[in-house]
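A short worksheet on the structure shown next.
Nothing in this text is a laboratory measurement; each read-out follows from the coordinates by a stated rule. Model, not experiment: these values are computed from the prediction. Cβ: placed from backbone, ideal geometry, glycine included. Neighbour counts: every protein chain shown.
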Amino acid sequence: MMKADEEDYWNSSKFKAFTFDDEDDQLKESKQAVNSLRPLVEEDDDEDEVEKVSWSGEPVGSISWSVKETAASNQRTDRDREPAFPRINTDTPPKSSSTYSLSALFKGKTKGGNFQTFTESLSESSSVRLYAPELRKPKSECKDYVSDWTPEETVQRLQQGKVVSLEKFRSLQDKLLLLDFAVSGNDGNVITAVLIYLKRTLSKEVLVRELESRQTALRHFIHYLTETKDQRLLLELLRALGRTEDVALMQYKEHFNIPDENKRRDFLKSCLSLPFSGEDSAHVQDHYTLLERQIIIEATDRQAESGGKVEIFQKFPRRASILNMPLITTLYYCCFYHYPEAEGTYSSPTNIRQTFRISEKQYFVTALAARAKLKAWMDVDALFSSRNWLGFTRKKSPLSFQRVVDILHKNSAPTQVLQEYVGLIGDADLRISLAQKHKCHDIVINTYRDLKDRQLLLGYRGKVERGSAEERKINELLNNS
């Protein structure tokens, strides 16, 4: 070509001449070259057998790989820092703002045709298996990855709150070693964790046989089954251990889940034949008898209350049903609504006292509270009346009279009633203290009179109302020589 034609060709061509100074054009040309290689290096997206590694030896797409790639990119701009790998000295170092690297080129592309980003590489399908050679690590760190722990070391890690896998212990010997080390460590959480694994991986027969000789582990296992409400397995375990009384108590507790009182009564009747101990058998018998009597009393009183002919039910309506109430509550109810009834009826307080062997003191306290609530002071007085062998009547109480005064005061007893029982307190100081507290002036005046203390009478005269009967009584005593 002539020189003029050659210049026209270069000026009119879409290709430009290569220059070392134009770094931006060089980068564009490199990108175009990479894109032209894409069909050659593109592989099937479903090819799972390819093992991908980076130049650093880390799995491609892992967090450590991304950190190293970023660090390597930053190190290119710092000439004072020693590079991680030897570099070829060139006159024109690559631009630090480039987001491409050689490892990214071999990473491949996504289905859309673009190179994968860091986020996409993390969400890559788990079917692609990534392997990379790693540097030798300390043996203690390697155990964290391969879980190569002995039973004793595993228990120690459980005690430290570290996550370990028990699945590797498959033999019966290893499982029992786990349990023995857990028991010796005295950590209830670790013992329970090991027991849960044994429950899942051992047969019931083997588990019961081994727990029978390990009482601490057995107690933990029974508590665990109780807390998780695994009643079926718990009953099987107790039967296998020959603990018949515990089995009976477990079956007896099922009555709590029966809402209907008639069905509950029938269930309690069936429990009477269970192998309870002597004391427990008596309690179950009393429970059945009490519920049976409560059903009869409830039906009768409900009908009487709805009929409107019984005065006490109209004056004091029932606030709740008596069904499934405790024994003392039932006694209080009968003392409140059925106190005068004959001994032969089911609702008679005396009948209940004899049937269920209630002590005298317990019966006295319950009856006193019920009759005082009704303001039946004659019935209250009759509780204290006692005749001696000469026929004389005197007041006697299984309680201290101080306690009697407290019960009467809580039920708003009048001063005349309180005064009678305050005067029966033997200790003079306590009697004066309670008399002043409840304003039983006659008790205080008579006590000071018996003590023949004029100064106390003069002092107490200032505490009573002027012109009252108490003031006149004090004046008469002071004027008496």
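Scale the Cα Rg of the range 288-424 by the rule-of-thumb value 2.2 N^0.38 Å and send over the ratio, two decimals.
Ratio of Rg to 2.2 N^0.38 Å for the range 288-424: 1.13.
If Rh is defined by the Kirkwood formula over all Cα pairs and Rg also comes from Cα, what ratio Rg/Rh do you get for the range 370-463?
1.02
Just to be sure I understand the model, the point goes 7 Å from the Cα along the line to the Cβ. What's the resulting E245 to D450 distance in nm?
5.3 nm
In µm²/s, what is D for the range 265-311 at 37 °C and 0.692 mPa s, where D = kT/(6 pi eta Rh) by Stokes-Einstein and Rh is the Kirkwood radius from Cα pairs?
Answer, rounded: 267 µm²/s.
Could I get the Rg over Rh figure for the range 437-481? Both from C-alpha atoms, Rh via Kirkwood, rounded to two places.
Answer for the range 437-481: 0.92.
If the only charges are +1 at each Lys and Arg Cβ and -1 at each Asp and Glu Cβ, what is the size of the charge dipole of the range 340-478 around the Cα centre, to the nearest 20 debye?
160 debye
Within the range 173-188, whose backbone N sits under 16 Å from a point 7 Å along Cα→Cβ of R209?
Only 173-177 pass the distance filter.
Full extension from S397 to A282: what is 0.36 nm times the residue separation minus their Cα-Cα distance, to one decimal in nm?
So the extension gain works out to 38.4 nm.
What net charge is computed for the residues neighbouring R466, neighbours being all others with C-beta under 14 Å from the C-beta of R466, Lys and Arg scored +1, Asp and Glu -1?
That sum, taken over residues with Cβ under 14 Å, equals +1.
Net charge near L430, counting Lys/Arg +1 and Asp/Glu -1 over other residues with Cβ under 14 Å of its Cβ?
Counting the neighbours of L430, the net charge comes to 0.
Order the peptides 183-191, 362-370 from the highest to the lowest mean number of other Cβ atoms within 10 Å of their residues.
My ranking of the peptides, most packed first, is 362-370, 183-191.
Lysine pairs, Cα distance under 17 Å, 8 or more residues apart or cross-chain: how many in the range 160-276?
Lysine pairs, 8 or more places apart or on different chains, close enough: 7.
Compare the Cα positions of L478, I407, N351 along the charge dipole of the range 333-481 (+1 at Cβ of Lys, Arg; -1 at Cβ of Asp, Glu; about the Cα centre) and return the one farthest towards the positive end.
Of the candidates, L478 comes out farthest on the positive side.
If only Cα atoms are counted, what is the Rg of the range 258-338, and what is its Dmax, in Å?
Gyration radius and largest Cα-Cα distance of the range 258-338: 14.9, 47 Å.
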